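S.K.: Right, I'll just put the structure down here and ask away after.
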Amino acid sequence: MSHCSSRALTLLSSVFGACGLLLVGIAVNTDYWLYMEEGTVLPQNQTTEVKVALQAGLWRVCFFAGREKGRCVASEYFLEPEINLVTENTENILKTVRTATPFPMVSLFLVFTAFVISNIGHIRPQRTILAFVSGIFFILSGLSLVVGLVLYISSINDEVMNRPSSSEQYFHYRYGWSFAFAASSFLLKEGAGVMSVYLFTKRYAEEEMYRPHPAFYRPRLSDCSDYSGQFLQPEAWRRGRSPSDISSDVSIQMTQNYPPAIKYPDHLHISTSPC
């Protein structure tokens, strides 16, 4: 990454940020996070009979097999009495995964904020700090999302492990493409955050390289005049003269106007000034 130019880092961070925002937005708004299927095993011919099969997202649960086939309900209403879920463990899974819902939402908000700040920084590259701020927001967005994914997985695993084993019943589950989109979004956002922070350091180093050295503004003093360095120092243009400077000028003028006590002939005067 040390050989990447600022233009390449700008392009890559924008692409990674846009893809991360798109993927997490699709994942939050779709219902394909988890597939579950539950049924019984018939002892006569060892065939299976599906009692219920559903797909669950962060906001809805849709049934595609069983008595509730073709019905979708909001997550907060999936415990309605008319919905026939086979076991209590399936209900508990749908209940516990809701604890992970706030984290993808926070992640979506953070990555949107980071994307906006990052684009403003690309439009106005002289504001170097914007690249650093957007990188921090990208990284925080990825961390929030990965916390939600870990809670989502752990809640499902806990309920599956506590599920009573039976030879007459079976239970299968798998993660859907919405979950895969969320996991991919985490990688893209972390990559965008790292590249944005590195872009900040690169731009800052370039500014320091082309910034004039402070020695450039030092006054060139000479024995010819007491004011030779005054107009070479920018600080003297912005600030007023202090009372000590004024009093020094007055004393110099009084010394110059005061007649000397002894006058020497011109041919005996020896000048030691280089001017």
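The values are calculated or read from the model by the stated rules, or taken from the named source; none is laboratory data. Note that the structure is a prediction, hence the values are computed from the model and not measured. So basically every Cβ, Gly included, is an ideal-geometry build from the backbone, and we count neighbours across all protein chains shown. Quick note on the areas: whole protein, heavy atoms, side chains included, nothing else; ligands and nucleic acids left out. Shrake-Rupley method; radii C 1.70, N 1.55, O 1.52, S 1.80 Å.
S.K.: For segment 85-97: of the residues being out of contact with any helix residue (DSSP H, G or I) (no Cβ under 6 Å at 6 or more places or on another chain) and open to solvent by less than 40 Å² (accessible area, probe 1.4 Å), which is farthest from ALA56 (Cα to Cα)?
M.R.: THR87
S.K.: Something else: Going by the structure shown, is PHE200 over 30 Å from THR96 (Cβ atoms), open to solvent by 40 Å² or more (accessible area, probe 1.4 Å) and modelled with pLDDT of 85 or more?
M.R.: yes
S.K.: Cβ-Cβ distance below 8 Å, separation of 6 or more or different chains: which pairs start in segment 127-147 with a residue that is outside any helix (DSSP H, G or I) and end on one that is open to solvent by 40 Å² or more (accessible area, probe 1.4 Å)?
M.R.: Matching pairs, first to second residue: ARG127/ILE120; THR128/PHE200; THR128/TYR204; THR128/GLU207.
S.K.: A further question follows. I'm checking my understanding of the structure. Among residues of segment 29-42 that are hydrophobic (A, V, I, L, M, F, W, C) and closer than 21 Å to TYR152 by Cα, which one is modelled with the lowest pLDDT?
M.R.: Per the criteria, the residue is MET36.
S.K.: If you don't mind, another one. Scan segment 148-183 for residues that are in contact (Cβ under 8 Å) with a residue 60 or more places away in the chain, within 30 Å of VAL15 (Cβ to Cβ), open to solvent by 50 Å² or more (accessible area, probe 1.4 Å) and assigned to a helix (DSSP H, G or I) and jot them down.
M.R.: TRP177, PHE181
Here's the yes/no breakdown for (1) modelled with pLDDT of 90 or more; (2) basic (Lys, Arg):
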| position | (1), (2) |
| --- | --- |
| SER2 | no, no |
| ARG7 | no, yes |
| LEU11 | no, no |
| CYS19 | yes, no |
| ALA27 | yes, no |
| GLN44 | no, no |
| ALA56 | no, no |
| ALA65 | no, no |
| LYS69 | no, yes |
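Table: residues versus (1) modelled with pLDDT of 90 or more; (2) surrounded by fewer than 16 Cβ atoms within 10 Å (Cβ to Cβ); (3) in contact with a strand residue (DSSP E or B) (Cβ under 6 Å, 6 or more places away or on another chain); (4) among the β-branched types (Val, Ile, Thr).
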position: THR99; (1), (2), (3), (4): no, yes, no, yes
position: PHE109; (1), (2), (3), (4): yes, yes, no, no
position: VAL116; (1), (2), (3), (4): yes, yes, no, yes
position: ARG127; (1), (2), (3), (4): no, yes, no, no
